[in-house]
Amino acid sequence: MTPAAPRRVVTGHDDRGRSVVLSDGPTPVSRTVTDDGTAFHEIWSTAGAPAAIDAVEASDPTERPLRVPPEPEGTVIRVVDIPAGARSPMHRTESVDYGIVLDGELHLVLDDGSATTLAPGDIVVQRGTDHAWENRSDSPARMAFILVDGRFADRLKTTLADDVALYDHEVGPA
């Protein structure tokens with residue numbers, strides 16, 4: 001059973017510049033993106049840095065194709081529900097990703113064959129490495145991810161294969 005979509009509270013400003021709650025409710029965009037039932041809940045995104053802050057948004061920034069990396073110079077925060085027995089594909093993005101285990105147990109699998117067990121409260125700082133997420137338990141797991149657009153340093157680029165594949169496409173149905 002997939003957990004309910006996370007609650008999202010968004011603040012903004014009224015006509016006099018005072019702080020207000022603009023919306024309070026379930027995450028507006030939730031998609032089951034794989035055959036194994038993995039679900040992505042888009043919380044918010046920005047399309048540049050510094051992020052533009054207006055009184056209200058012209059449209060909800062989650063109303064866009066679901067892509068793993070953020071927009072250039074942008075950010076994404078999402079919650080991912082990973083069912084028991086599920087495994088993501090091995091993938092790499094040119095971003096810095098902060099992954100916070102909220103519930104359950106997951107394994108961070110790297111291309112060197114290592115697997116690191118993660119429990120609630122553990123935080124992974126994912127820095128452009130090739131990796132997969134694996135739920136080896138019999139219970140679902142939930143992680144929050146904050147993704148920040150990045151660039152590989154020239155020194156690192158020289159150690160990566162010339163044809164290093166970056167995961168940069170839409171995920172799941174709209």
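The values are calculated or read from the model by the stated rules, or taken from the named source; none is laboratory data. In this text, all values refer to a predicted model and were calculated from it rather than measured experimentally. Counting neighbours? That spans all protein chains shown, and the Cβs are built from the backbone with ideal geometry, glycine included. The protein model used for the area step is the full one, side chains on, heavy atoms only, and it has no ligands, DNA or RNA in it. Shrake-Rupley method; radii C 1.70, N 1.55, O 1.52, S 1.80 Å.
Looking only at the range 42-62, count every residue that is open to solvent by less than 60 Å² (accessible area, probe 1.4 Å), part of a loop (DSSP other than H, G, I, E, B), closer than 15 Å to Val148 by Cβ and of a type in the set (A, V, I, L, M, F, W, C) and tell me the total.
So the count comes out to 1.
Exactly one condition in (1) over 18 Å from Thr93 (Cα atoms); (2) loosely packed, with under 11 Cβ neighbours inside 10 Å; (3) of a type outside the set (Lys, Arg) is not met by Pro65; state its number.
Here Pro65 clears every test but (1).
Out of all the residues in the range 116-142, which are within 15 Å of the chain's Cα centre (by Cα) and aliphatic (A, V, I, L, M)?
Within the range 116-142, Ile123, Val124, Val125, Ala132, Ala141 meet the criteria.
Select, from Ala165, Ala132, the only residue that is in contact (Cβ under 8 Å) with a residue 40 or more places away in the chain, part of a strand (DSSP E or B) and either within 25 Å of Ile43 (Cβ to Cβ) or open to solvent by 20 Å² or more (accessible area, probe 1.4 Å) (or both).
Ala132
For the structure I just gave you, tell me whether Gly12 is open to solvent by less than 60 Å² (accessible area, probe 1.4 Å), modelled with pLDDT of 85 or more and over 12 Å from Val79 (Cα atoms). Before the answer, list the steps.
Values: open to solvent by less than 60 Å² (accessible area, probe 1.4 Å): yes; modelled with pLDDT of 85 or more: no; over 12 Å from Val79 (Cα atoms): yes.
It is false that Gly12 is open to solvent by less than 60 Å² (accessible area, probe 1.4 Å), modelled with pLDDT of 85 or more and over 12 Å from Val79 (Cα atoms).
Test Thr93 against the criterion of being within 19 Å of Leu147 (Cα to Cα), open to solvent by 20 Å² or more (accessible area, probe 1.4 Å), under 15 Å from the mean Cα position of the chain (by Cα) and of a type in the set (Val, Ile, Thr), and give yes or no.
no
Restricting to the range 135-149, give me the number of residues that are open to solvent by less than 20 Å² (accessible area, probe 1.4 Å) and at pLDDT below 95.
Counting residues in the range 135-149 that are open to solvent by less than 20 Å² (accessible area, probe 1.4 Å) and at pLDDT below 95 gives 1.
Is the range 61-83 home to any residue that is within 19 Å of Pro3 (Cα to Cα) and either without any contact (Cβ under 8 Å) to a residue 12 or more places away in the chain or more than 14 Å from the chain's Cα centre (by Cα) (or both)?
yes
Name the single residue that is farthest from Ala144 (Cα to Cα) among those in the range 3-41 being among the aliphatic types (A, V, I, L, M) and assigned to a strand (DSSP E or B).
By that ranking, first place goes to Val20.
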